[in-house]
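Worksheet: the structure to be examined is printed underneath.
The values are calculated or read from the model by the stated rules, or taken from the named source; none is laboratory data. Note that the structure is predicted; figures quoted are calculated from it, not measured. Reconstructed Cβ throughout: ideal geometry from the backbone, glycine too, with neighbour counts over all protein chains shown.
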Amino acid sequence: MGNLTPAQLIIQLSIALILGGALAYLLWKQRQQAKSNTPKKTEAEEPVKTLPLQLQAYERLILLVDRIALPSVISRSNQPGIELRDMQFLLVNAIKQEYEHNVTQQIYVSNEAWEAVRNLKEQNIHVINQVASFLPPEASGTDLNKHLLEMIVNNPKVSLHNVVSEVLSYEAKKLMK
């Protein structure tokens, strides 16, 4: 093979190029045929099929936002007599589980809507951890819940869940027009 003359080398390269080109052409032709056999969707058809899924996703995300709102999480997770760190873990874990259960809904909503939901989750976890870090180690889970609820009552802007719900509702209503 190392003793090929320039003419033999050119012939072999030509054969390889011809075979490669033929294979590329056949592959291209197959793809074109597959495309032409696939029924094309009109722009009018596409929204009709995805609209119910999108609206359902917004509905589920509004429910998620309500379920991860601090007052809701606290009322569902409240266990009298539990220690501070255990309550902190329960609250954070409840938020994470709700979020993970609905993570697939992001494919049906705008990036902005999904970011708002994600930011709410992160903000609520951060608030729980911050309030827990300021309490003395001997504080109870009830103390944590009480401080969280007092903070929300005294400063409603701390909780973004109403804003996020309004954003999701607005986007869903835009889809229905």
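Quick notes
- Qualifying residue in region 77-88 (condition: touching a His at 6+ places or on another chain (Cβ under 7 Å), closer than 20 Å to His161 by Cβ and at pLDDT 95 or above): no
- Residues that are surrounded by fewer than 17 Cβ atoms within 10 Å (Cβ to Cβ) and of a type in the set (Lys, Arg), drawn from region 106-151: Arg118, Lys146
- Ala132 aliphatic (A, V, I, L, M), over 24 Å from the mean Cα position of the chain (by Cα) and part of a helix (DSSP H, G or I): yes
- Scanning region 61-76 turns up one or more residues that are at pLDDT 95 or above, touching a helix residue (DSSP H, G or I) at 6+ places or on another chain (Cβ under 7 Å) and farther than 30 Å from Ser140 by Cα.
- Evaluation of Arg76 against (1) of a type outside the set (S, T, N, Q); (2) surrounded by 14 or more Cβ atoms within 10 Å (Cβ to Cβ); (3) closer than 17 Å to Leu149 by Cα (one fails), failing number: (2)
- Leu160 being surrounded by 13 or more Cβ atoms within 10 Å (Cβ to Cβ) and either of a type in the set (Val, Ile, Thr) or closer than 19 Å to Leu64 by Cβ (or both): yes
- Apart from one condition, Arg118 fits all of (1) in contact with a strand residue (DSSP E or B) (Cβ under 7 Å, 6 or more places away or on another chain); (2) within 15 Å of Ala57 (Cβ to Cβ); the exception is (1).
- Leading residue by the ranking (nearest to Glu83 (Cα to Cα)) among those in region 135-177 that are assigned to a helix (DSSP H, G or I) and among the polar types (S, T, N, Q): Thr142
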